């Protein structure tokens, strides 16, 4: 796999929303995607009273003609079709949130997209499912592996696998 997308939901039926998003991601991948387990986490940096999140990570092999920006456009179009408002405040509860964590070892710095994802290594709810499907992945050449980061973050954050 050359691309990893984090999935999160805390409105509606979050588990079903994640599964629908997995099905969507399969439509843009050129090989079967790899799906992490579903994980429950507490909202971070969200308004008080925000519901718990269900999180996951998908590993994709993208067609060669799909750039990171084109992937971002596809993910944002899907979020809107799934019911996420076009103008959505930062860290508010959401039907679905799809974030590109890593794409083909590309480094991107643009107003719309930064790769690898700038906060992924701070979030257990991203690193735990990522470590499940790509434990040896390094988001940058100098970073620890996904497995090492998840182990370190688990000392201060909580993320539980759903049955």
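Every number here is computed from the coordinates shown, using simple stated rules; none is lab data. A quick note: this is a predicted structure, and the numbers were derived from the prediction, not measured. Glycine also receives a Cβ, built like all others from the backbone with ideal geometry; neighbour counts cover every protein chain displayed.
Residues within the reach of a label modelled at residue 70 (point 7 angstrom out along Cα to beta-carbon, backbone nitrogen below 13 Å), restricted to the stretch 8-42, are 28-30. Between 98, 139, 31, the GNM of the chain built on Cα springs shorter than 10 angstrom shows 31 fluctuating the most. With neighbours defined as other Cβ atoms within 10 Å of a residue's Cβ, the residues 60, 75, 7 order from fewest to most as 75, 60, 7. The value of relative contact order for the stretch 3-161, using C-alpha pairs under 8 Å at least six residues apart, is 29 percent. Calculated FRET efficiency, residue 61 and residue 140, Cβ-Cβ r, R0 22 Å, to nearest 0.05? Between residue 61 and residue 140 the formula returns 0.60.
Fewest neighbouring Cβ atoms within 10 Å first, the residues 30, 159 line up as 30, 159.
Relative contact order of the stretch 91-163, taken over Cα pairs closer than 8 Å and 6 or more residues apart, is 23 percent. Assuming a ≥ b ≥ c are the square roots of the Cα gyration tensor eigenvalues, decide whether the stretch 3-161 counts as rounded (a/c under 1.5), prolate (otherwise, with a/b larger than b/c) or oblate. Rounded, because the longest to shortest axis ratio a/c is under 1.5.
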